[in-house]
Amino acid sequence: MGEGTPISSRKSDHIRINITEDVQSGLTNGLERYQFIHQGLPELDLEQVDPGLQLFGRRLKAPLLISSMTGGIAEAAEINAILARTAQAAGLAMGLGSLRAAIEDPSAAGTYQVRKAAPDILLFANLGAIQLNYGYGVEQCRRAVELVEADGLILHLNPLQEALQPGGDTHFAGLLKQIESVCAALSVPVIIKEVGWGISENLASDLVEAGAAAIDVAGAGGTSWSQVEMYRAADESRARIAGAFRRWGIPTAESVKLVRRAAPDLPVFASGGLRDGVDIAKCIALGANLGGIAGPFLKTAAVSLEKTLELAAEITQEIRIAMFACGAANLNALRGIHLLDLRSNTD
């Protein structure tokens, strides 16, 4: 393992910095390039619009994932509890923060265990894929899933973040084979995601071959973990190095298109800078199956359950109204909707 800051201290830094500092990517998510063609006469009633879907054996009321954020420390327990109650009430999916802290210190497991509060949600455990090159294997992955009674496991990829962390885990050579072994051995779906710099077309092809059950593009345009590391840096040189990567990555909209092209039959999650239901609806029209939002939920969960429930309801209604106004009665219809490309001369 890397010899950097202890996990608990790093996680506390991450929560504090994400709530209090400007950690936005210097890039947009790319969705401003695309526009729905408004239908003045959609020939359906708003009440007929169904944004629900079935995914990995669970029914979701909306194509919304409360993306992986935190766990392993005291302040994360209440945040995860609020997010889980919100997901249960609103019929959404939820990803937990990296369970490495609980694998290495079982006393931290309770900060992730939300199943009692959310018995019906699609719930994803989460580990850094890089740990598979640092002694982790199928046993630890299975343990992460069992600890939280998850429906699937997210393995996240964060090479740039590790490169910017003091003592980061940067031995990424041979990792694809390790991922393939986990995909083959686990009885639950394995989802591969980035953490904010996007998935390329060639990587998506490799992940399909490796047996990934879904891909979360986690593109550029939202939280920039290089910015988070900039604020965490202990000296000015490290801060400048991290700051140089503020505009790094594949914008979310383009990553969705690239991944869908490489993986036509795989569930694709769109995340990275999505702010509302219209963004999610655009991503589904571009080829995604659902959209993930993290930062805005973290900020509301730090305030209250009521604010978090309100945010979930607003995003869900925005998705429904966007579908209604472009004439899509369900998500299959939405995936067939043509978007105007505002930078193209062909539309």
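Quick notes on this structure:
- Among the candidates Gly110, Gly95, Gly135, Gly128, the residue that is touching a Gly at 6+ places or on another chain (Cβ under 9 Å) and touching a residue at least 12 places away in the same chain (Cβ under 8 Å) is uniquely Gly95.
- Note on the stretch 260-278: among residues that are closer than 16 Å to Gln35 by Cα and surrounded by fewer than 24 Cβ atoms within 10 Å (Cβ to Cβ), the one that is modelled with the lowest pLDDT is Arg275.
For every residue, the table says whether it meets (1) of a type outside the set (S, T, N, Q); (2) touching a residue at least 60 places away in the same chain (Cβ under 8 Å).
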| residue | (1), (2) |
| --- | --- |
| Leu274 | yes, yes |
| Ile280 | yes, yes |
| Cys283 | yes, yes |
| Pro296 | yes, no |
| Ala301 | yes, yes |
| Thr308 | no, yes |
| Glu318 | yes, no |
| Met323 | yes, yes |
| Ala329 | yes, yes |
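The rows are residues; the columns are (1) under 20 Å from the mean Cα position of the chain (by Cα); (2) closer than 17 Å to Leu53 by Cα.
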{"site": "Lys299", "(1), (2)": "yes, no"}
{"site": "Ile315", "(1), (2)": "yes, yes"}
{"site": "Ile321", "(1), (2)": "no, yes"}
{"site": "Leu340", "(1), (2)": "no, no"}
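- Within the stretch 300-333, the set of residues being within 14 Å of Thr86 (Cα to Cα) and of a type outside the set (A, V, I, L, M, F, W, C) comprises Thr300, Ser304, Glu306, Lys307, Thr308, Glu310, Glu314, Thr316.
- Hey, Ile130 farther than 26 Å from Gly57 by Cβ, surrounded by 17 or more Cβ atoms within 10 Å (Cβ to Cβ), β-branched (Val, Ile, Thr) and under 20 Å from the mean Cα position of the chain (by Cα) or not: yes
- Neighbours by Cβ (under 7 Å, 6+ apart or cross-chain): first from the stretch 158-171, among the small types (Gly, Ala, Ser); second not in a loop (DSSP other than H, G, I, E, B): Gly168/Glu162
- Here the stretch 232-259 is the region considered, the condition is being modelled with pLDDT of 95 or more and of a type in the set (Val, Ile, Thr), and the residue that is surrounded by the most Cβ atoms within 10 Å (Cβ to Cβ) is Thr252.
The values are calculated or read from the model by the stated rules, or taken from the named source; none is laboratory data. Here the structure is a predicted model, which is why all the values come from computation and not from measurement. Counting neighbours? That spans all protein chains shown, and the Cβs are built from the backbone with ideal geometry, glycine included.
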